[in-house]
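Here the structure is laid out as structure tokens; the discussion comes afterwards.
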Amino acid sequence: MTKLTADSVVYIVVHCSNTKPRQKVDKAYMERIHRLKGRLWIGYHYVLDRKGNIETGRALDQIGGHAPGFDNKSIGICMAGGLDQAGNRADNFTEVQRENLLQLVAVLHRQFPQAIVVGHRDLPNAKTECPNFDVKQFLQESGYVQPIHGAN
Ligand SMILES: [Zn+2]
């Protein structure tokens with residue numbers, strides 16, 4: 001089976017769970033959702049809950065199931081949240097969640113130096129609003145420097 005490697009991973013894709021702020025969303029929750037959709041395991045490599053806890057989903061060298069067409073070249077991170085109390089899309093992720101996202105991508109960049117961080121909706125031809133916030137703008141405002149994209 002093909003594995004993810006430093007050469008093959010060109011995207012770190014940020015997703016959201018499309019759930020309301022108070023809903024408890026963790027790895028176990030996302031695993032249930034993905035199994036209901038017919039997958040054998042959780043599709044994401046990481047889940048960040050509202051308190052900023054980071055849980056590992058799929059092993060880092062395993063191809064995930066989170067961004068059709070890009071799974072074989074990306075790591076998938078899911079941020080719990082993305083909807084307001086009324087169920088509308090909202091950029092209301094917690095402060096600690098955002099901070100820990102930055103920490104996580106910094107660590108991932110050591111292992112996958114040529115990967116750029118994008119929101120799911122930023123992928124070519126993505127038909128989604130996920131993760132319901134502007135990842136590039138967030139990174140810029142946080143002073144996060146993306147690696148120069150490789151030959152891809
Ligand atoms: Zn997504």
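Bear in mind these aren't lab numbers, they're just calculated from the coordinates by the rules spelled out. Predicted model, so just to flag it, every value in this text is computed and none were measured. As a convention, Cβ positions derive from the backbone with ideal geometry for all residues, glycine included, and neighbour counts pool all protein chains shown.
Residues in the stretch 8-37 that are under 30 Å from Pro147 (Cα atoms), in contact (Cβ under 8 Å) with a residue 60 or more places away in the chain and not in a strand (DSSP E or B): Ser8, Val9, Val10, Ser17, Asn18.
Scanning the stretch 37-49 for residues that are within 16 Å of the ligand (Cβ to nearest atom) and not hydroxyl-bearing (Ser, Thr, Tyr) yields a total of 7. Residues in the stretch 89-117 that are surrounded by fewer than 22 Cβ atoms within 10 Å (Cβ to Cβ) and more than 19 Å from Val9 (Cβ to Cβ): Arg89, Ala90, Asp91, Asn92, Thr94, Glu95, Val96, Gln97, Arg98, Glu99, Asn100. Selection of the stretch 67-88 for residues being under 20 Å from Gln114 (Cβ atoms) and either crowded, with 24+ Cβ neighbours inside 10 Å or among the hydrophobic types (A, V, I, L, M, F, W, C) (or both) yields Ala67, Phe70, Ser74, Ile75, Gly76, Ile77. Would you check if there is a residue in the stretch 118-133 being over 16 Å from the mean Cα position of the chain (by Cα), under 24 Å from Thr56 (Cα atoms), in contact (Cβ under 8 Å) with a residue 60 or more places away in the chain and surrounded by fewer than 19 Cβ atoms within 10 Å (Cβ to Cβ)? The answer is no; no qualifying residue exists.
I'm trying to understand the selection: among the residues of the stretch 4-26, which are more than 16 Å from the ligand (Cβ to nearest atom) and either under 16 Å from the mean Cα position of the chain (by Cα) or over 19 Å from Ser74 (Cβ atoms) (or both)? Answer for the stretch 4-26, where residues must be more than 16 Å from the ligand (Cβ to nearest atom) and either under 16 Å from the mean Cα position of the chain (by Cα) or over 19 Å from Ser74 (Cβ atoms) (or both): Leu4, Val9, Val10, Lys20, Pro21, Arg22, Gln23, Lys24, Asp26.
Yes/no per residue for (1) in contact with a strand residue (DSSP E or B) (Cβ under 7 Å, 6 or more places away or on another chain); (2) under 23 Å from Lys24 (Cβ atoms); (3) within 16 Å of the ligand (Cβ to nearest atom); (4) in contact (Cβ under 8 Å) with a residue 24 or more places away in the chain:
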{"residue": "Lys51", "(1), (2), (3), (4)": "no, yes, no, yes"}
{"residue": "Glu55", "(1), (2), (3), (4)": "yes, yes, no, yes"}
{"residue": "Gly65", "(1), (2), (3), (4)": "no, yes, yes, yes"}
{"residue": "Ser74", "(1), (2), (3), (4)": "yes, no, yes, yes"}
{"residue": "Asp91", "(1), (2), (3), (4)": "no, yes, yes, yes"}
{"residue": "Gln97", "(1), (2), (3), (4)": "yes, yes, yes, yes"}
{"residue": "Pro113", "(1), (2), (3), (4)": "no, no, no, yes"}
{"residue": "Glu141", "(1), (2), (3), (4)": "no, no, no, no"}
